[in-house]
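> Right, I'll just put the structure down here and ask away after.
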Amino acid sequence: MSLLVNVLAATGAASAESKNLLENSGSYAGAAGWDFGTKAQTKKNKAPAYFSLKADDGNYRVTIEVGGSYAANTTVRCESRRLLLENVATKKGETKTFVFTVNKRSPLLSDGSSVKIKPREKDYLNWDDKLTFEFNGKAPAVKSLKVERADDAATLFLCGDSTVVDQEAEPWASWGQMITRWFDAGVSVANFAESGESTSSFIAENRLAKVLDMLKSGDFVAIEFGHNDEKDKGDNAGAYKNYADNLRLFVEKVREKGASPIILSPTARRWFNGAKITNTHGDYPQAAKSVAEELGVPFIDITAMTTEMLEAVGAEESKKLYVHYPAATFPNQEKALKDDTHFNPFGAYEVAKCVVMGLKAVNSPLASHITSDWQDFNPAKSDNADKFVWYGAPDPDTLKPDGN
């Protein structure tokens, strides 16, 4: 499949208006194949432009040319706010071309069964029948967009909970939708994580089955759970019982498909005791490490890295990594948001950098696909939150994600 779309952005500092669309392939004949009216574009806040095209499950290589007739600054995200390009500045008359690969999925499995998605997920861009791009930024300009199948790309599948998921709405964010920023076109990220998931529920809801349905030899599967497993009750609950057994099952099934598993410990909660972070995860980080060592699986200790990052910035400054906002920061927000588990975009961006450093530390083949503008990251010296630039998507939702 190959589709060529030309987008001529209108002059204006706050919005990108589509002027001309050219379909270059018979694969999507007629207006039913694509539209510029997805999601927020039809609502009151029209700052970002959304472009969608119908697409089957799989990976798609995207060639995008940004810039054009005016000085522009463009951010590109895909599906449920997956960051791909950030704050790309172009002078008047200048364009820049980028290539990356994105993943499209639906709930349906090849055997006719489906992922048991939750009611709130039914309207998520990640699960519909379209591949959707969000053009955002201070003055976005997109001149051309080419989308074609990329069956040769390796896929990094993500299995996890609310700290990994592609959060659908501001001000929530997770590392899975930020790590997309740091891979070249040889890797596509397929984030199957969902808020509130444990290893058991992820299996029961056919999420693992869907990953295995799409998984191919040479792919990778990153597995990060713990926040919700530690709340499980029952005779077999526990870090070294059900949780460890389920991690072994994940590894076994992934390897049967010729793919490579990676185990991560859970992100730290922002629970300070003086200047130190309290370990709220009990034995779960160590259990994840033990299973990884037992099975010879690469292990990334995100618990340790996020703990180091939090302690380095301190109790007050670390609020800037999480969803801590005074009342009335967002429309219809009557109460202050104080969440010490879920990250905001800046926090998710920093955790994603921790994961990239973890991939490098375990010598993952994925590290060879890190973008050329990557700079190594030290959790003890994280970025300045006040210098982080993020243009929010429309229609924020202050309802807390499942899980804690």
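The values are calculated or read from the model by the stated rules, or taken from the named source; none is laboratory data. This one's a predicted model, so the numbers in the text were calculated from it and none came from an experiment. Cβ sites come from the backbone with ideal geometry, for glycine too, and all protein chains shown count toward neighbours. The protein model used for the area step is the full one, side chains on, heavy atoms only, and it has no ligands, DNA or RNA in it. Shrake-Rupley method; radii C 1.70, N 1.55, O 1.52, S 1.80 Å.
> Would you kindly calculate the mean projected area, averaged across all directions, of the convex hull enclosing the Cα atoms of the stretch 167-209, in square nanometres? Present the calculation step by step, with values, prior to reporting the outcome.
Details: hull surface 15.8 nm².
Answer in nm², one decimal: 3.9.
> Still on this structure, I have one more. Could I get the Rg over Rh figure for the stretch 39-152? Both from C-alpha atoms, Rh via Kirkwood, rounded to two places.
So for the stretch 39-152, dividing Rg by the Kirkwood Rh gives 1.02.
> So, one more: For a Förster distance of 22 Å, can you work out the FRET efficiency between the beta-carbons of A204 and S110, rounded to the nearest 0.05? Display every interim value, and only then the final one.
Values: r = 19 Å, r/R0 = 0.88.
That pair, A204 with S110, gives E of 0.70.
> Quick query: amide H of V189 versus all other amide H atoms, modeled in the peptide plane; which residues come in under 5 Å with a sequence gap of 5 or more or a different chain?
Hits under the 5 Å cutoff: N103, L156.
> Would you please give the FRET efficiency between K92 and T371, computed as 1/(1 + (r/R0)^6) with r the Cβ-Cβ distance and R0 = 35 Å, to the nearest 0.05?
Details: r = 26 Å, r/R0 = 0.75.
Step by step, r from the Cβ atoms, then E = 0.85.
> Over the stretch 253-404, what relative contact order in percent results from Cα pairs under 8 Å that are six or more residues apart?
Values: 178 pairs, mean separation 32.7, N = 152.
Worked out over the stretch 253-404, it gives 22 percent.
> Taking the Cα atoms only, what angle lies between the long axis of helix 302-317 and the longest principal axis of the chain, rounded to 10 degrees?
Value to nearest ten degrees: 80.
> Taking the dipole about the Cα centre of the chain, with the C-beta of Lys and Arg at +1 and of Asp and Glu at -1, give me whichever of P345, A71, T155 is farthest to the positive side.
A71
> Counting each DSSP H run of 4 or more residues in the chain as -39500 (n - 2.57), what helix-only mean residue ellipticity at 222 nm follows after dividing by all residues, to the nearest 500 deg cm²/dmol?
Details: 6 runs with 72 residues, N = 404.
Helices in the chain give a 222 nm mean residue ellipticity of -5500 deg cm²/dmol.
> A further question follows. Quick check: pseudo-label points 7 Å beyond the Cα along Cα→Cβ at D235 and N332, how many nm apart are they?
Here the answer is 4.7 nm between the modelled labels.
> Work out the length of the dipole vector of the stretch 61-187 about its Cα centre, built from +1 on the beta-carbon of each Lys and Arg and -1 on the beta-carbon of each Asp and Glu, and round it to the nearest 20 debye.
Working: 19 positive and 18 negative charges, 76 e Å.
For this selection, approximately 360 debye.
> Output the relative contact order of the chain, whole-number percent, from Cα pairs under 8 angstrom with separation of 6+ residues. Write out the running numbers ahead of the final one.
Working: 947 pairs, mean separation 64.9, N = 404.
Taking the mean separation of contacting Cα pairs over the length of the chain, I get 16 percent.
> Here's something else I'd like to know. H342's amide H: which non-local residues (gap 5+, or another chain) put their own amide H closer than 5 Å, with H modeled 1.01 Å from N in plane and none for Pro or chain starts?
V323
> Leaving out ligands, DNA and RNA but keeping every protein chain, what accessible area does F135 have, in Å² rounded to the nearest 10, with a 1.4 Å probe?
0 Å²
> Any chance you could give the angle, 0 to 90 degrees and rounded to 10, that helix 244-256 forms with the longest Cα principal axis of the chain?
50 degrees
> Here is a follow-up. So for the chain: antiparallel DSSP bridges make up what percent, rounded to the nearest 5?
Antiparallel: roughly 75 percent of the beta bridges in the chain.
> If you consider only alpha-carbon coordinates, what radius of gyration and Dmax does the chain have, in Å?
When restricted to Cα atoms, the chain yields Rg and Dmax of 20.6, 66 Å.
> Near the amide H of V142, under 5 Å away, which other amide H atoms are found, from residues 5 or more places off or on another chain, if H is placed in the peptide plane?
A9, G67
> For K335, go through the lysines and keep the ones whose alpha-carbon is under 19 Å away, minus same-chain ones fewer than eight residues off.
Those lysines meeting the cut-off are K319, K320, K400.
> Under 25 °C and 0.890 mPa s, how fast does the stretch 208-263 diffuse according to Stokes-Einstein, given a Kirkwood radius computed over C-alpha pairs? Answer in µm²/s, whole number.
Working: Rh = 12.0 Å.
Translational D for this selection: 204 µm²/s.
> Assigning unit charges at the beta carbon (Lys, Arg +1; Asp, Glu -1) and nothing else, what dipole magnitude in debye, to the nearest 20, does the stretch 276-404 show about its Cα centre? Write out the running numbers ahead of the final one.
Values: 11 positive and 19 negative charges, 30 e Å.
Around 140 debye, computed over the stretch 276-404.
> Using the Cα gyration tensor of the stretch 168-281, with a ≥ b ≥ c the square roots of its eigenvalues, what is the shape: rounded (a/c below 1.5), prolate (a/b larger than b/c) or oblate (neither)? It would help to have the intermediate numbers written out before the result.
Values: a/c = 1.93, a/b = 1.20, b/c = 1.61.
Since a/c reaches 1.5 but b/c is at least a/b, the shape of the stretch 168-281 is classed as oblate.
> Could you size up the charge dipole of the chain around its Cα centre, putting +1 on the beta carbon of Lys and Arg and -1 on that of Asp and Glu, and report it in debye to the nearest 20? Working shown, then result.
Details: 48 positive and 55 negative charges, 205 e Å.
Computed charge dipole of the chain: roughly 980 debye.
> For the stretch 383-393, just list the computed ³J(HN,Hα) in residue order, Karplus coefficients 6.51, -1.76 and 1.60, θ = phi - 60°, integers in Hz, with x standing in for Gly and Pro.
Once θ is set to phi - 60°, the couplings for the stretch 383-393 become 5, 7, 4, 6, 9, 6, 10, 9, 9, x, 6 Hz.
> With a sphere of radius 10 Å drawn around the Cβ of V221, what net charge do the other residues whose Cβ falls strictly inside it have (Lys, Arg +1; Asp, Glu -1)?
Details: positive: K253, R255, K257; negative: D219.
Taking every other residue near V221 into account, the sum is +2.
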